[in-house]
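The values are calculated or read from the model by the stated rules, or taken from the named source; none is laboratory data. Nothing here was measured: the structure is a model prediction, and the numbers come from that model. FYI the Cβ positions are ideal-geometry reconstructions off the backbone, even for glycines, and counts take in every protein chain you see. For accessibility, only protein heavy atoms count, side chains too; no ligands or nucleic acids. Shrake-Rupley method; radii C 1.70, N 1.55, O 1.52, S 1.80 Å.
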Amino acid sequence: MKNLYKLLLKAYGSVGKWWPGTSEEIIVTAVLTQNTNWKNVERALENIYKNKTKENLLEYLYELPIGYLSELIKPAGFFNLKARRLKNLLSFLKEYDFELSKIKRLKNLREKLLKINGIGKETADSILLYALEIPVFVVDAYTKRLLKRMYNINLSDYDSVQNLFYENYPKNVKLFQELHGLIVEHSKAVCRKNPICSECKISDNCKKSI
Ligand code: SF4
């Protein structure tokens with residue numbers, strides 16, 4: 001498992017920070033991307049920008065009536081639910097005047113984010129890692145599946161998977177950003193629900209394929 005980063009990096013090349021957009025956009029797309037694909041997230045974001053009337057994206061969305069926000073983010077699916085979740089998150093950020101540098105310095109920030117209705121561990125950690133550049137590792141279903149297939153590590157609990165990465169890798173923002181990105185890219189390319197092992201560039205190191 002210690003070799004995963006090097007293997008993926010060699011196979012796919014650098015993906016850098018991977019999650020596109022400004023910090024403000026990442027905060028919004030972290031919610032929009034729940035249970036949908038990235039194309040739909042982009043369409044929702046385009047709608048927002050077409051109608052944006054304020055400089056600060058977060059402040060603009062905070063001030064929008066929730067019904068209108070739902071309309072704008074419709075392409076992302078579950079739009080009423082996501083509008084409520086976004087509003088909850090934006091209300092929290094508003095307490096700190098949407099100043100991300102101030103928010104980044106808050107004590108127990110992860111716990112605070114997790115107390116917001118609709119913000120789970122994957123969303124909170126995505127915001128921390130990609131928007132605020134705090135070294136937490138983002139775990140998703142792809143990560144769990146890859147660990148099981150490659151290393152016979154069968155962990156379903158989010159924190160146990162995250163801790164495994166902390167035990168095996170230094171806590172480094174750039175590394176965690178890129179490693180999570182590489183896992184997603186690899187899982188979409190070949191290590192799908194029905195894996196295409198014949199086309200996998202890291203199959204020599206995978207327990208499932210041996
Ligand atoms: S060999 Fe197959 S199961 Fe293993 S990582 Fe590659 S695609 Fe996934």
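Selection of first residues in the range 66-81 that are closer than 13 Å to Val31 by Cα and at pLDDT 95 or above and of second residues that are in a loop (DSSP other than H, G, I, E, B) and open to solvent by less than 30 Å² (accessible area, probe 1.4 Å), restricted to Cβ pairs under 6 Å at least 6 apart or on distinct chains, gives the following pairs, ordered by first then second residue: Phe79/Ile73. Among the residues examined, Val15 does not qualify as modelled with pLDDT of 95 or more and assigned to a helix (DSSP H, G or I).
Could we say that Leu8 is over 24 Å from Leu175 (Cβ atoms) and open to solvent by less than 70 Å² (accessible area, probe 1.4 Å) here?
When the stated conditions are applied, Leu8 does not pass them.
Contact map, the range 184-197: residues that are open to solvent by less than 50 Å² (accessible area, probe 1.4 Å) and near the ligand (Cβ under 6 Å from one of its atoms) paired with residues that are of a type in the set (Asp, Glu) and not in a loop (DSSP other than H, G, I, E, B), Cβ distance under 6 Å, separation 6+ or inter-chain. Pairs shown: Val190/Glu199. When Asn168, Asn152, Asn163 are checked against the criterion of being loosely packed, with under 15 Cβ neighbours inside 10 Å, within 16 Å of the ligand (Cβ to nearest atom) and not assigned by TED's automatic domain parsing to the domain that holds Asn80, a single residue qualifies: Asn152.
Only helices (runs of 4 or more DSSP H) wholly contained in the range 37-140 count here; list those with 3 or more residues that are open to solvent by 20 Å² or more (accessible area, probe 1.4 Å). Working first, answer last.
Working: elements: 38-51, 57-63, 66-72, 79-94, 100-104, 109-114, 121-126.
In the range 37-140, 38-51, 57-63, 66-72, 79-94, 100-104, 109-114 are the helices (runs of 4 or more DSSP H) which contain 3 or more residues that are open to solvent by 20 Å² or more (accessible area, probe 1.4 Å).
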